[in-house]
Amino acid sequence: MSRRTVHDVMTHDVVVAQPESTFKEILELFHRNDITAVPIVDERRHVLGIVSEADLIRKEAVLWDTEDHPAVLRRLRRREHTRAQAMTADGLMTTPVVTARSDWNIAEAAKVMDRRKLKRLPVIGAEDILIGIVSRCDLLQPFLRDDREIGAEIVHEVLEKTLPQPASALRAVNLTVHGGVVTLSGRVERKSLIPIVEGLCRAVDGVVDVRQNLVYATDDTLIDLTRPPAPDVSQPPGRATTAPDPARTTEHP
């Protein structure tokens, strides 16, 4: 079962700026390309930082507060104040930058974004060169998959490969997908298969939730704790002793 990666959903043609790009040049990039952030790269396309709308808004706020609201300005942290007064990208940008790898699965990128409270991640490839950028919206693309497509993948990649043969076992499970929500009902042979099937269904791209009402023919999860364990006959509990050889016995006076 293959899962979509960051490479599959990222924007490949990335708009970038250089450290010497000015405030106005960056703002024009935003307007012209309908974007809200640009990675700042060096001549080899290594990511040095990123400038977002928030960085530009900070500068506008300082310009406004300097004259009319000095109390607000004093509450700005010194580093933010210095960045807000910068005129070019190397001073405005946020650095260091959290980046993603193109071979990450979507869940990995989503976890990083959620943990760091980020809206986007520059994507780097070989030699840490910028090759794309991925946003929150990009990571939600798999949830636009058609229900029939999701159902077909679950049948072929989960049920057919997990449930025992013959094919009658597969026909004993009923599957429906509606709005990305998977519903499983019917019967499986072993109880231990239920969490496996459910977990694999959740891992399919586009699945929003899994609801199952499966029953089982055999409970293979029970362990009889009342029965003592079988003895280990490979190692006898006592050390074997050998009768002494009278011919080799020496008497001492």
Global geometry of segment 1-60, whether rounded, prolate or oblate, following the gyration tensor of its Cα atoms and the 1.5 cut on a/c: prolate
Solvent-accessible surface (1.4 angstrom probe) belonging to Arg116, in square angstrom, nearest 10: 140
Value of relative contact order over segment 107-176, rounded to a whole percent, pairs C-alpha under 8 Å and six or more apart: 18
Contour minus Cα-Cα distance for Ala54 and Thr11 (0.36 nm per residue): 13.4 nm
FRET efficiency for Arg211 and Glu20, using Cβ-Cβ distance with R0 set to 45 Å, rounded to 0.05: 0.20
Interchain or long-range residues, amide H under 5 Å from Ala100's placed H: Val123, Ile124
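The values are calculated or read from the model by the stated rules, or taken from the named source; none is laboratory data. Everything numeric here is computed off the predicted structure, so don't read it as measured data. Don't worry about glycine lacking a Cβ; one is built from the backbone with ideal geometry, like all the others, and counts go over all protein chains shown. The accessibility values were calculated without ligands, DNA or RNA, using every heavy atom of the protein model including side chains. Shrake-Rupley method; radii C 1.70, N 1.55, O 1.52, S 1.80 Å.
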